[in-house]
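A short write-up of the structure that comes next.
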Amino acid sequence: MNAYAPILVLGGLGAGFAIFSVVMASLTGPKRYNRAKLDAYECGIEPTPQPAGGGRFPIKYYLTAMLFIVFDIEIVFLYPWAVTFDALGLFGLVEMLLFVLTVFVAYAYVWRRGGLEWD
Amino acid sequence: MISLAVDDLSYFGRDPWWLVVVKAVFCFAFAMLTVLFSIVWERKVVAWMQLRIGPNRHGPWGMLQSLADGIKLMLKEDVVVKGADKFVYVLAPVVAAIPAFMSFAVVPFGPADNEISVFGHRTPMQLTDLPVGVLYILATASVGIYGIVLAGWSSGSTYPLLGGLRSTAQMISYEIAMGISFAAVFLYSHSMSTSQIVATQQHTWYVLLLPVSFLVYMVAMVGETNRAPFDLPEAEGELVGGFNTEYSSIKFAMFMLAEYVNMVTVSAVATTLFLGGWRAPWPISTFWAGANHGWWPLLWFTVKIQLLLFVFIWLRGTLPRMRYDQFMKLGWKVLIPVSMVWLMLVASVRALRNENYDFQRVLLYVGGGVLAVLLISLAADVFRDRAAKKAEGAGQAGQEGPGDRFDPMAGGFPVPPKPGQTLPPVPRRRSRAPEAAEHQLVGKDGDDA
């Protein structure tokens, strides 16, 4: 068998287990209707109405996601470089040092401008 | 130039289909049993740490407790809340659980060279291996985040939404440090395949060669699995239950299962990448040649995973939960720069060594450079502290500026005083005279109460 096929077998096993459990639980459990039970939980008070379109989030989450992409792409470059490092020799080291330095200029800028402060 | 190392994965992808199924069932059962055991074990250990007894009713020594919990959850009502997006709400626990199991496909339980035989068929003790094994583990772990995010979003409720958002930010922040710490391992192993990484640790485990990477990974893996002290997405004190607040019955159990399977997975990855994988620990391997052959590696692997799981429990029993801003600060301002600088140090030393430079002198230069940077940063800190103190002193001497006055409704929300600000005197109820109005705590126009 292909080396990738066993992954699908294991994934199928996991999916079968998860779907079976979720379906079974809806059959085995009791069902007693209660209007208050179906309300969103908010410590017993009337739930806050959900704003249309999902409402607004703190900008911090977007900022974190953008920074994550920058560094994740850096990591994508790091992996093949690390695997073939010995073959690349000093040339590879210098190139990667320059690249990391470039990314760290941006990092230092974000740090100074307070992009990494949560409050 | 040194030729590129080609991964020897010729042992994989040759099993007949029935053997693949047997091994997949084994991986699934291994994950499941480890989870069932570690839930009870965690409750036991935390109980002992708090001088309690812990679960002891179900089965010998309380060992069937988690099975009983599972059956109980199965028989509970499956509530779908009114405001939920039904399809995504039901899908989310399934999405969380599947990738958790899938990562086990590339975890090596034993040697890759057809050592064991199952029903007369010799096979490697690993379901399969890929040239990009570790990348695959990272990818499945990232898909697991979707389960949590979708659960938070689809519940149509405030607390789960906040929990889901927090969890995303937390996991992606710590994934960076985790990824960089892996790169240092690839420098030494020349490969991303898990069996190859274990094979290259024959003489020295990477935890000894790369201690900083290991430490960064240990911190990042606790952050990745949402475990105490980094369990902010489900902080009971702030968010009730976080992303799983609106879930009940087996759907809730699926999230718990996914969390624990993820714990087992990250422990398995730590074992594979840093702790020699299935290899016997040092004193045993010196006097017993058979320790790394046959079925024995499974034992060493299990023992190492259990030790790491104990560390998780230990942390939970010892440390209080972190504040969210401290947590993000640790991730972005400490772990990322430390792991990046460490990776570049390792790479530099290795490159210079490959070029046959004198290792001692290289070490001296690099060590000197690091020391110089540390000294400079220390000096900078001292000067900044002094400047800050001076500014503070000046501020105190010249009375507080207009910005220092405490506004209890800054930005339209009730807020506590910042450091350096003092609360205004509590307005006592005096006579019902008309001037009572000026004693009001809330002074929006900034008049002195």
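Taking the dipole about the Cα centre of chain A, with the C-beta of Lys and Arg at +1 and of Asp and Glu at -1, give me whichever of A:Y107, A:F77, A:V22 is farthest to the positive side. Result: A:V22.
With loop membership from DSSP and a limit of 14 other Cβ atoms within 10 Å, the longest segment of chain A without trypsin sites (Lys or Arg not before Pro) is A:57-112. Here r is the Cβ-Cβ distance between B:F383 and B:F287 and R0 is 41 Å; the resulting FRET efficiency, rounded to 0.05, is 0.10. For a quick check, take a GNM of chain B with Cα springs below 10 Å and name the residue from B:L33, B:L371, B:L67 with the largest mean-square fluctuation. Judging by the Gaussian network model, the answer is B:L371. The B:H58 and B:Q326 beta-carbon pair, evaluated with R₀ = 35 Å, returns a calculated FRET efficiency of approximately 0.35.
Dimensions of the protein assembly as shown along the principal axes, based on C-alpha atoms and rounded to the nearest Å, stand at 97, 72, 48, largest first.
Its Cα gyration tensor gives segment A:5-112 an equivalent ellipsoid. The semi-axes, each the square root of 5 times an eigenvalue, are 48, 28, 8 Å from largest down.
Which of B:F119, B:F383, B:F312 moves the most in a Gaussian network model of chain B with Cα springs under 10 Å? Result for chain B, Cα springs under 10 Å: B:F383 fluctuates most. Taking a Cβ cut-off of under 12 Å around B:W314, the surrounding Lys, Arg, Asp and Glu residues balance to a net charge of +1, with basic ones at +1 and acidic ones at -1. Each of B:D385, B:D15, B:D85, B:D129 has some number of other Cβ atoms within 10 Å of its Cβ, and from fewest to most they run B:D385, B:D85, B:D15, B:D129. Overall dimensions of segment B:181-322, expressed as equivalent-ellipsoid semi-axes from the Cα gyration tensor (√(5λ), whole Å, largest first), are 33, 17, 14.
Rg over Rh for chain B works out to 1.07, using Cα positions for both radii and the Kirkwood form for Rh. When chain B is treated as a Gaussian network with alpha carbon springs shorter than 10 Å, the biggest mean-square fluctuation among B:S181, B:S157, B:S103 belongs to B:S157. Count of lysine pairs in segment B:17-335 with Cα atoms under 18 Å apart, counting only pairs 8 or more residues apart in sequence or on different chains? Here the count comes out as 4.
A:R35 to A:Y109: FRET efficiency via 1/(1 + (r/R0)^6), r the Cβ-Cβ distance, R0 51 Å, to the nearest 0.05? It comes to 0.45. Taking other C-beta atoms within 10 angstrom as a stand-in for reagent exposure, A:M96, B:M344, B:M221 fall in the order B:M344, A:M96, B:M221, fewest first.
Taking trypsin sites (Lys or Arg not before Pro) as exposed when DSSP calls them loop (any state but H, G, I, E, B) and at most 11 other Cβ atoms lie within 10 Å, what is the longest stretch of chain B free of them, the sites themselves excluded? The answer is B:58-427.
Give me the distance between the Cα centres of segment B:92-113 and segment B:143-157, rounded to whole Å. That distance is 21 Å.
Bear in mind these aren't lab numbers, they're just calculated from the coordinates by the rules spelled out. Owing to the predicted nature of the structure, the values given are computational and were not obtained by experimental measurement. Counting neighbours? That spans all protein chains shown, and the Cβs are built from the backbone with ideal geometry, glycine included.
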